[in-house]
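The values are calculated or read from the model by the stated rules, or taken from the named source; none is laboratory data. Predicted, not measured: the structure shown is a model, and the values here were computed from it. Positions of Cβ are backbone-derived with ideal geometry, glycine not excepted, and every protein chain shown enters the neighbour counts.
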Protein chains: 2
Amino acid sequence: MKKLIAFITLLSFNIGVFAQRSGDYVQYVNPLIGTQKMGHTYPGATVPFGSVQLSPDTDEQPHNIGGKYNKDTYKYCAGYQYDDSEIVGFSHTHFSGTGHSDLGDFLVMPTVGPLQLEPGKKGEPKSGFRSAFSHANETAEAGYYKVRLDDDNILAEMTTTTRVGFHQYTFPTASNDAHIVLDMMHGIYDYADKNVWTFARVEGDRRIVGYRQTNGWARTRTVYFAMEFSKPFKSYGYKEFGKQDYKGFWRKFDQTKNFPEMAGKQLRAHFDFDVKQNEKVQVKFAISPVSMDGAAENMKAELRHWDFERARRDAQDEWNRELGKIDVTTLDKGEKINFYTALYHTFLSPTVYQDTSGHYRGIDQREHWSPGFTNYTTFSLWDTYRALHPLLNLIQPRRNKDMVASMVAHYDQSVHKMLPVWSHYANENWCMIGYHSVSVISDAIVTGNITGPEANKALDASAQTARQKYYDGLEYYMKLGYVPEDKNSSSVSKTLEYAYDDWAIAQAAKKLGKTAIYDEFIKRSENWKNVYDSSVGFTRPKSSDGTFLAKFDPLKTEGQGFIEGNAWNYSLYVPHDPAEMIKMMGGKRKFAAHLDELFTMHLPDEFFAETEDITREGIIGGYIHGNEPAHHVAYLYNWTDDAWKTQERVRMILKNQYKPTPDGLGGNDDCGQMSAWYLFSALGFYPVAPASGQYQLGSPVVKTAVISLENGKKLTIEAQNQSDKNVYVESVSLNGRKIDRKYLTFAEINGGGKLVFKMANKPTV
Amino acid sequence: MKKLIAFITLLSFNIGVFAQRSGDYVQYVNPLIGTQKMGHTYPGATVPFGSVQLSPDTDEQPHNIGGKYNKDTYKYCAGYQYDDSEIVGFSHTHFSGTGHSDLGDFLVMPTVGPLQLEPGKKGEPKSGFRSAFSHANETAEAGYYKVRLDDDNILAEMTTTTRVGFHQYTFPTASNDAHIVLDMMHGIYDYADKNVWTFARVEGDRRIVGYRQTNGWARTRTVYFAMEFSKPFKSYGYKEFGKQDYKGFWRKFDQTKNFPEMAGKQLRAHFDFDVKQNEKVQVKFAISPVSMDGAAENMKAELRHWDFERARRDAQDEWNRELGKIDVTTLDKGEKINFYTALYHTFLSPTVYQDTSGHYRGIDQREHWSPGFTNYTTFSLWDTYRALHPLLNLIQPRRNKDMVASMVAHYDQSVHKMLPVWSHYANENWCMIGYHSVSVISDAIVTGNITGPEANKALDASAQTARQKYYDGLEYYMKLGYVPEDKNSSSVSKTLEYAYDDWAIAQAAKKLGKTAIYDEFIKRSENWKNVYDSSVGFTRPKSSDGTFLAKFDPLKTEGQGFIEGNAWNYSLYVPHDPAEMIKMMGGKRKFAAHLDELFTMHLPDEFFAETEDITREGIIGGYIHGNEPAHHVAYLYNWTDDAWKTQERVRMILKNQYKPTPDGLGGNDDCGQMSAWYLFSALGFYPVAPASGQYQLGSPVVKTAVISLENGKKLTIEAQNQSDKNVYVESVSLNGRKIDRKYLTFAEINGGGKLVFKMANKPTV
């Protein structure tokens, strides 16, 4: 019953005509989208690219149970699952949409009555400090989250600044037994023993500082905090749940009561209050990558007052400013919610990883100061080089430039002399494959977003990264022209992606006139050919002796030389030279038929079951949209004589894979990559090969869009005759001039003006 | 046989006439004194008050074996036991003489042949990287240590600067299989799971930086390092011996080989070399309380060159400068060795805890900068307030002033607003009892070493510390005038020591004209009377209802209201008012007889067995010199009519309790307190009540002494007719004026001049 109410709440918008308040984009953002099933988004409060993501966690799932991998862990990558009916508490750091996880630092939870320091069991809210809740009493907005905690009828509200979480708890009745629990054990994607050390000092009667140090996905990670209550606590205490305790011989105190120094591996603290009826107790919680003082200074710099409504307004104003960079009209409100929620998701990460003073922790675990740029972290690059960074390079070029600067700083501080692969919180987790920082950098160089010495430095870092012999089969790749499967698994995926990355480096080198680097990498960029087996029409794993592996099933992923994609999907990964690939695969006609087969085939369950990332809905035929390797595939028809099929497929994917509901994402949003695909495609173009400076034309889903560029120009997009059926593009014109190729250039988009799509219900062949 | 040779080596000095090289005091320092049995000193290299104590560790004893306390651990408080015949390696931090322990950071060990990353089993040197050695091939000097490692015939030499250890390993034969092991798991007084985290980065082919974080006696402790080899290593690697490993999914590297990022809970690394015959491979190893960069800067600031002999010379010159503050002649070389080794031991701690840049870690776990003073750590105050700090206040007043500044900084940073109790490495371990910082501070104030605002601040900190209600029974003490045993154990010891500390605060208040503080604490200082039971003639534990506990045995320590001393010893602890105490105990004559009984009684084994700190030799009758509470007792005869007994007892203690041999200390040296007792007594006076400005006269053991004071003055002490039999003092004169009281004042000593003791073989009554 509760669920039904929630469902109605979520769908409570008018289909068709709806009011569009100018400048209020927040109303179209629904952070609950993607929180059900495999989206791995979180519903809580944050500001654009904010360091703090203050969000409810609905369960804690250990990574291992009895030494065995616990499959349920995966569901909780963002801490929250829509189907759960209890909230354990509100923690301050969350990834958005990742396929593996970490974080969940510093869980805060208000309770009334006898103190409970255990979260309790799932399904038994009274067994611990967790509380039942229902979606009917839940509001998730950009920059604001509210929920009623049913167990004690406490209203929990939260908003944030970049580095500070702001909690407001309204206690329904007077009590001399109110508590706010600070759980420093809690974490997301927890390993049996993820906490390395936690430390807290109670300084006075309102303030706590400390840190949490973990060994999780990030090997050596510390988050510092400063916490402040709006009123003094009357007492406090903590309990060490691990086996380590204060080891001095001289236990002169009852350390569990009002003892202001807390330290250990597994701590939960509580702060006790008398509250009046309807009294609001507020908590400000600042974090820092550097120090406790850094956290305290961040709080001072960003949130001096205790006016919750003002803070919420500030957060939402900030969202409106950022979301307003693209002003769209759509056929219905659902699509507009899709659009702005996607835009919201693309503005969540990378996140600011730096104190307001400019200090941050480097990959070398040292403290650094960056007066020249804002340092960012959480680079899910295998995902985000495809569309997220190209999107930011267009509509957030200043931030994207700082992100590149952050990557280059990482390179400088790296003892490997490598750019980030998948990095977060001053750690490299080496997740997935490739060295896709180089694509992000090259895209920024080729489009002129980075120039001069900065560009040269970034290019050198790219080339150096791509030459790191001991990295993931690169030595073989450089020697043999491909990664041999007998030496390094997922060898085909690696060969294909290295080849693309190499091409991207070559493009930047060309732009900067670095001939030697260009020659070196343009040659390497052809290596994809070495793993194409014309006898089967797929790329295929090769042994170091030069022969293709006998065992091969293009539907399978595991043990077939691929990762997160089978040969059907991955073999098409030559974004930098589709024309040549199509030639090798038998020419345009044969290739178009091949793509048709991909989109219409049936992928047997046994193959689908291999991936944990996506739902059945994340698949169209054999095309897997829920994972990234095929994200460019729908646009490949543009290289055949059937570009209309790109238009048709894109509109189909937009419709099938993105819905304005909690289960609206068919796979992990992957730090905004899935959403960036949506945004580009919804606007009518897509960067098949970032660093090409080209954006393949598809079929827009918006009616109109005005992109306000940072250079002061505006690009207005108009889809004439737009409708759900008019998915075909009859013609495209820019500033009145017809575009008779299949792509736009960066200069065209960035130059602003008017881009008109004439839509039709039949293909124009 | 090997042992016999060593023994002869150690005793190879001439009794009687011996050459005395002027200015070379190092020759009289034997760091091996106290390394056998319970002295808990270490033989390795260090400079005065140095941060680095680079010393061999002869075994690793876990604190617990199968959940049970391992008694052998205690022997290894300084890492080295003279009776052992193997060295595990050389680590960089050691306490001197403590009765509990920690540290042992970063063990380095050279080996040749197949790599061994386990230390191996005791008694089986070939089972691991440990090596057999013999004392015949060992040289321990102030600032220099040398030993031949028999397993591979490697000559190991070491010296240090304040913050940098300098190793020199001479490999006997050419080898392409030489290794230097860096063991980051190793520790002293290890708990089953003391390591919290360790981290190392190989930066280039000669340099490693990193840190070790432990949860031992210090709860939250991190030591950072920078290590540099004199030549490039050809390869390296590490192994994680704990269960935690790099948890990223993507193990793209063989992390154990030439992978420059090491992190985990239990790491041992190795660095591999080709060596020629007799090639020396050197290692510089800097530490920092603050950061890896701090360590690297310390190395740069203190040790730029690779000239080992020069570094050794610098270290020993520094020792000669410091040891030369007291220039003595003695009856024989053995006594001179006793004297300078004691002086050496008093100059080992507190240790500098600050980078050369002035940065240090505070008790609040924050980084601080102290431009105004050098920050020190390792304050074993229950021991050292008695004689060590009074000694430093006399002959190292600048350093002692900085130590007080360090204590006050600790207070400022303490969330308890308390001065240190027993602190080390930015942690309070709360060891033992009392708040004896106040004694050190008051002594410095009363003697005029600290004045003005600095003194007022320190006094306020003292008073505030003594008012911290939740500390160790203080609330009851303030309410009832004593600590009640039913509320807090060791209650009599605490009451007695609080009363003395309170008196010390009052003296400082008087000096600074702070009447309110004086009144408050002079009143508290009489609280010792509340635990004196005239019916038995001892202090005795009292219940909170005001009655003495029925069960009472003045020979027993455990469960009797005392700690590290029974009622026989502890009841005499009223150093600030012996006259009143003697009156209460029946007058001078009865009291002298009581003292006689103490020094001549037999302490049954069952009572002795209760203490782990001392050997049987640490006891004279029932007087326990091996622990501190009775350190003033021999001087109490001065308040009776039998002052000659003080002279006799003191000389007896000097002779029995201090010997120039490895087993020469009868108990823990306790960070120099035992040695400071020796030095004062050897010079002829002792501070029974620090902060009184008085030093009770005893019987000097030196023939002459010249104390060079920092104020430029010199005090020359002459013991006329000095001999082993002339232990009685016939008269004392200062600058020609006869002293007809039993004490000297601070002003007299500090004013310089000539102090003449006329010695005799019979008491002067």
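Restricting attention to segment B:205-222, the residues that are facing chain A (nearest Cβ under 9 Å) and part of a loop (DSSP other than H, G, I, E, B) total 6. Considering A:TYR224, A:TYR236, which residue is farther than 21 Å from B:GLU475 by Cβ, assigned by TED's automatic domain parsing to the domain that holds A:HIS167, in contact with a Phe, Trp or Tyr (Cβ under 9 Å, 6 or more places away or on another chain) and at pLDDT 95 or above? Step by step, each of A:TYR224, A:TYR236 is checked, and only A:TYR224 is farther than 21 Å from B:GLU475 by Cβ, assigned by TED's automatic domain parsing to the domain that holds A:HIS167, in contact with a Phe, Trp or Tyr (Cβ under 9 Å, 6 or more places away or on another chain) and at pLDDT 95 or above. Suppose we keep only residues that are of a type outside the set (D, E, K, R) and without any contact (Cβ under 8 Å) to a residue 24 or more places away in the chain within segment A:36-87. Which one would you say is nearest to A:GLY128 (Cα to Cα)? The qualifying residue nearest to A:GLY128 (Cα to Cα) is A:ILE65.
Among the listed residues A:LEU381, A:LEU388, which satisfies the condition of being within 14 Å of another protein chain (Cβ to nearest Cβ), under 23 Å from A:THR98 (Cα atoms), touching a Ser or Thr at 6+ places or on another chain (Cβ under 9 Å) and at pLDDT 95 or above? Working first, answer last.
Numbers: A:LEU388 fails: within 14 Å of another protein chain (Cβ to nearest Cβ).
Just one listed residue meets the conditions, A:LEU381.
Checking each residue of segment A:435-444 against the condition of being more than 14 Å from chain B (Cβ to nearest Cβ), aliphatic (A, V, I, L, M) and over 20 Å from A:HIS576 (Cα atoms) gives no match.
Residue check: B:VAL701 meets all listed conditions (1) in contact with an Asp or Glu (Cβ under 7 Å, 6 or more places away or on another chain); (2) assigned to a strand (DSSP E or B); (3) of a type in the set (A, V, I, L, M) but one, namely (2). Determine if segment A:704-727 includes at least one residue that is surrounded by fewer than 16 Cβ atoms within 10 Å (Cβ to Cβ), without any contact (Cβ under 8 Å) to a residue 12 or more places away in the chain and not in a strand (DSSP E or B). Yes, some residue in segment A:704-727 is surrounded by fewer than 16 Cβ atoms within 10 Å (Cβ to Cβ), without any contact (Cβ under 8 Å) to a residue 12 or more places away in the chain and not in a strand (DSSP E or B). Since A:ASP553 meets every condition but one in (1) at pLDDT below 95; (2) closer than 24 Å to A:ASP502 by Cβ, which condition does it not meet? Going through (1) at pLDDT below 95; (2) closer than 24 Å to A:ASP502 by Cβ one by one, A:ASP553 breaks only (2).
Contact annotation: residue pairs with Cβ atoms under 6 Å, 6 or more positions apart or on different chains, pairing a residue in segment A:447-475 that is within 16 Å of A:ASN527 (Cα to Cα) with a partner that is of a type in the set (S, T, N, Q) and at pLDDT below 95, are A:GLY473/A:ASN488.
Would you be able to say whether some residue in segment B:302-322 is in contact with a Pro (Cβ under 9 Å, 6 or more places away or on another chain) and in a strand (DSSP E or B)? I'd like the intermediate steps shown before the answer.
Within segment B:302-322, the subset in contact with a Pro (Cβ under 9 Å, 6 or more places away or on another chain) is B:318-319, B:321-322.
Still in the running and in a strand (DSSP E or B): none.
Checking segment B:302-322: not a single residue is in contact with a Pro (Cβ under 9 Å, 6 or more places away or on another chain) and in a strand (DSSP E or B).
Do you know which residues across segment B:484-503 are hydrophobic (A, V, I, L, M, F, W, C), within 17 Å of B:GLU564 (Cα to Cα) and touching a Lys or Arg at 6+ places or on another chain (Cβ under 9 Å)? It would help to see each step written out before you state the result.
Residues of segment B:484-503 that are hydrophobic (A, V, I, L, M, F, W, C), as a first pass: B:492, B:496, B:499, B:503.
Remaining after also requiring within 17 Å of B:GLU564 (Cα to Cα): B:492, B:496.
Result: B:VAL492, single match.
Anything in segment A:397-427 that is under 16 Å from the mean Cα position of the chain (by Cα) and away from chain B (no Cβ under 14 Å)? List them, or say none.
The first filter runs over segment A:397-427 and keeps only residues under 16 Å from the mean Cα position of the chain (by Cα), leaving A:399-400, A:403, A:420-425.
If the condition is that a residue be under 16 Å from the mean Cα position of the chain (by Cα) and away from chain B (no Cβ under 14 Å), then A:ARG399, A:ASN400, A:MET403 are the ones that fit.
Across segment A:173-199, the qualifying residues are those that are small (Gly, Ala, Ser) and closer than 23 Å to A:LEU54 by Cβ, and the one among them that is modelled with the lowest pLDDT is A:GLY187.
The listed residues are A:ALA286, A:ALA295, A:ALA263, and the only one of them that is modelled with pLDDT of 95 or more, within 14 Å of chain B (Cβ to nearest Cβ) and closer than 17 Å to A:MET184 by Cα turns out to be A:ALA295.
With respect to B:ASN375, is the statement that it is within 19 Å of the chain's Cα centre (by Cα), farther than 22 Å from B:SER675 by Cα and away from chain A (no Cβ under 14 Å) true? Write out each step before concluding.
Numbers: within 19 Å of the chain's Cα centre (by Cα): yes; farther than 22 Å from B:SER675 by Cα: yes; away from chain A (no Cβ under 14 Å): yes.
Judged against the criteria, B:ASN375 is a match.
All of B:PHE273, B:PHE199, B:PHE225 fail the test of being closer than 27 Å to A:GLN468 by Cβ, part of a strand (DSSP E or B), touching a Ser or Thr at 6+ places or on another chain (Cβ under 8 Å) and more than 12 Å from every other protein chain (Cβ to nearest Cβ), apart from B:PHE225. The one condition from (1) buried (at least 17 other Cβ atoms within 10 Å of the Cβ); (2) farther than 24 Å from B:ALA269 by Cβ; (3) of a type in the set (A, V, I, L, M, F, W, C) that B:VAL147 does not meet is (2). Only one entry in A:LEU182, A:LEU155 is surrounded by fewer than 24 Cβ atoms within 10 Å (Cβ to Cβ) and in the same structural domain as A:PHE241 (by TED's automatic domain parsing), namely A:LEU155.
Select the strands (runs of 3 or more DSSP E) contained entirely in segment B:84-193, then report the ones holding at least 3 residues which are hydrophobic (A, V, I, L, M, F, W, C). It would help to see each step written out before you state the result.
Values: elements: B:89-91, B:107-112, B:138-141, B:144-149, B:154-160, B:164-170, B:175-183.
Strands (runs of 3 or more DSSP E) meeting the threshold: B:107-112, B:154-160, B:175-183.
Residues in segment A:510-548 that are crowded, with 24+ Cβ neighbours inside 10 Å and assigned to a helix (DSSP H, G or I): A:PHE521, A:TRP528, A:VAL531.
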